[in-house]
Amino acid sequence: QGGYEIYVEDRKSGLALYDKLFEVGKKYDVKPGCPNLIERLESGLLSYGNDIDIDDNPLECGFDKLVNTDSEVEFLGKEALKKIKSEGIKKKLMGVKIDAKEISVNGSMDLVDEDNNLIGELRSGCYNPTFKQVIGIAMIKKPYFEAKQTFKIDINGNSFNGTVCDLPFI
């Protein structure tokens, strides 16, 4: 999926740039857009507010390679992240594949194991034509965050089987 993201700090300048880009791009049929949900999930592109939120930390969300707690640089949350790193994370953002053909995710949906233990929560999901099943992004609790962990999920009153997997899907 082609496209560009441009960040401008000054709102007034940003609006002027936005207008100019569409004026110049009119002959190319340039339009605003956003990631397609299927492509977003396949690539593991996270959405703040859906997949991650203020209650999650970068170590749980797969951003550990982007956070250097051993550097001399001071930053907000550094000591808390050092503690989490030394103790280990208690949950982890992972992919899931669900043996279903459709899903509508309104808030989180519980994932349970064969003994009905809560193993995590589905945060985003959609049917994927490549895999011919529902794929999604879920926060999985320790000790269940192993690829191949199986679970059950209730979708519209019906129970479906699923499997935890690594991100990205593709």
Odd one out for Leu93, checked against (1) within 16 Å of Ala138 (Cα to Cα); (2) touching a strand residue (DSSP E or B) at 6+ places or on another chain (Cβ under 9 Å); (3) open to solvent by 40 Å² or more (accessible area, probe 1.4 Å):
(3)
Just to verify a result, which residue in region 1-27, among those that are in a helix (DSSP H, G or I) and under 25 Å from Leu45 (Cβ atoms), is most open to solvent (accessible area, probe 1.4 Å)?
Tyr18
Which ones in region 28-41 are surrounded by 10 or more Cβ atoms within 10 Å (Cβ to Cβ) and over 25 Å from Gly125 (Cβ atoms)?
Val30
Flag for Lys152 being in a strand (DSSP E or B) and either surrounded by 15 or more Cβ atoms within 10 Å (Cβ to Cβ) or more than 16 Å from the chain's Cα centre (by Cα) (or both)
yes
Mind listing whichever residues of region 69-88 are out of contact with any helix residue (DSSP H, G or I) (no Cβ under 9 Å at 6 or more places or on another chain), closer than 26 Å to Tyr144 by Cα and open to solvent by 70 Å² or more (accessible area, probe 1.4 Å)?
Lys82, Lys83, Ser86, Glu87
Would you mind stating whether Gly120 is crowded, with 17+ Cβ neighbours inside 10 Å, under 18 Å from the mean Cα position of the chain (by Cα) and within 13 Å of Lys101 (Cα to Cα)?
no
Condition check: open to solvent by less than 90 Å² (accessible area, probe 1.4 Å) and touching a residue at least 60 places away in the same chain (Cβ under 8 Å). Does Asp56 satisfy that?
yes
Any hit, region 126-143, residues being within 18 Å of Ser47 (Cα to Cα), loosely packed, with under 15 Cβ neighbours inside 10 Å and of a type in the set (S, T, N, Q):
no
State yes or no: is Ile140 under 14 Å from the mean Cα position of the chain (by Cα) and without any contact (Cβ under 8 Å) to a residue 12 or more places away in the chain?
no
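The values are calculated or read from the model by the stated rules, or taken from the named source; none is laboratory data. Here the structure is a predicted model, which means the values were calculated and not measured. Here Cβ is always computed from backbone atoms with ideal geometry, including for glycine, and neighbour counts include all displayed protein chains. For accessibility, only protein heavy atoms count, side chains too; no ligands or nucleic acids. Shrake-Rupley method; radii C 1.70, N 1.55, O 1.52, S 1.80 Å.
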